[in-house]
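Single-structure report; data block below.
The values are calculated or read from the model by the stated rules, or taken from the named source; none is laboratory data. All values reported here derive from a predicted model rather than from experimental measurement. Don't worry about glycine lacking a Cβ; one is built from the backbone with ideal geometry, like all the others, and counts go over all protein chains shown.
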Amino acid sequence: MRGWPVLILTGAPGVGKTTVAGLLADRADRAVHLESDRFFQFIRAGYIEPWKRESREQNRLVMRTVAETAAAFASAGYFTIIDGIVLPRWFFEPMRDSLRAAGLDVAYAVLRAPLELCMARAQEREDQPPGSRPVIEQLWTEFADLDSLEPHAIDVAAKTPDQVAELVLKTLRSGALDA
């Protein structure tokens, strides 16, 4: 997969991003799976929950740091997958532009499943804070209408993680996810 674009794999909480990203990375000889959520954990003091309005600058910094890290790995020849909530209206363009500025090609894939399926999966997680349903619903809504990015949506509702990984690879190879 050398020479492949940096893949931004996104979607609502519970849609299967992390599982699919891991499967994709496991299929390559050299791959990096960057879980962007982990970058928020590096902030030890002054952390603001990323869904709050006042977190905008923090979120931009985290996404810029993720993009810079991804660029370093991709430039070294790793198939690089960024897994996280890369919102189309907030974070996608700055992340894409940062990666392009580093001379890299970029692909964007939005995994989609019905809200109730995402909600059920997200609620099964032990680390899910109480009262997160409105946050999950808000984030799910952000991916419901992608406007010009609609061709980047991949319906995953009735598929196994392996089937989704294969579909993402097939779509990636076709160039349909190029951003």
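All conditions but one from (1) in a loop (DSSP other than H, G, I, E, B); (2) surrounded by fewer than 22 Cβ atoms within 10 Å (Cβ to Cβ); (3) not β-branched (Val, Ile, Thr) apply to Ala25; the one that does not is (1). Does Leu34 fit the bill of being in a helix (DSSP H, G or I) and of a type in the set (A, V, I, L, M)? No; evaluated as a whole, the condition is false for this residue.
Of all residues in the stretch 1-23, those that are closer than 12 Å to Val168 by Cα have Cβ atoms under 6 Å from Cβ atoms of residues that are aromatic (Phe, Trp, Tyr) and buried (at least 22 other Cβ atoms within 10 Å of the Cβ), 6 or more apart or on another chain, in Ile8/Tyr108. Just one residue in the set Ala45, Ala122, Ala102 is over 12 Å from the mean Cα position of the chain (by Cα), of a type in the set (Gly, Ala, Ser) and closer than 25 Å to Asp155 by Cβ; that residue is Ala122. Pairs under 9 Å by beta carbon, first residue under 13 Å from Leu177 (Cα atoms) in the stretch 137-161, partner of a type in the set (Phe, Trp, Tyr), six or more apart or different chains? Listed by first residue and then by second, the contacts come to Leu149/Phe92; Leu149/Tyr108; His152/Tyr108; Ala153/Phe143. Within the stretch 1-22, the set of residues being in a helix (DSSP H, G or I) and buried (at least 19 other Cβ atoms within 10 Å of the Cβ) comprises Lys17, Val20, Ala21. Test Val62 against the stated conditions and say whether it is in a helix (DSSP H, G or I) and at pLDDT below 95. Spelling it out, Val62 is indeed in a helix (DSSP H, G or I) and at pLDDT below 95. Pairing residues of the stretch 32-48 that are farther than 16 Å from Arg64 by Cα with residues that are of a type in the set (D, E, K, R) and modelled with pLDDT of 95 or more, at Cβ distances under 7 Å and at least 6 apart in sequence or on separate chains, gives His33/Asp83. Whether any residue in the stretch 104-119 is in contact with a strand residue (DSSP E or B) (Cβ under 9 Å, 6 or more places away or on another chain), of a type in the set (Lys, Arg) and touching a residue at least 40 places away in the same chain (Cβ under 8 Å) is what I want to check. Yes, the stretch 104-119 contains at least one residue that is in contact with a strand residue (DSSP E or B) (Cβ under 9 Å, 6 or more places away or on another chain), of a type in the set (Lys, Arg) and touching a residue at least 40 places away in the same chain (Cβ under 8 Å). Of the residues that make up the stretch 4-24, is at least one over 13 Å from the mean Cα position of the chain (by Cα) and farther than 27 Å from Ile136 by Cβ? Looking through the stretch 4-24, at least one residue is over 13 Å from the mean Cα position of the chain (by Cα) and farther than 27 Å from Ile136 by Cβ.
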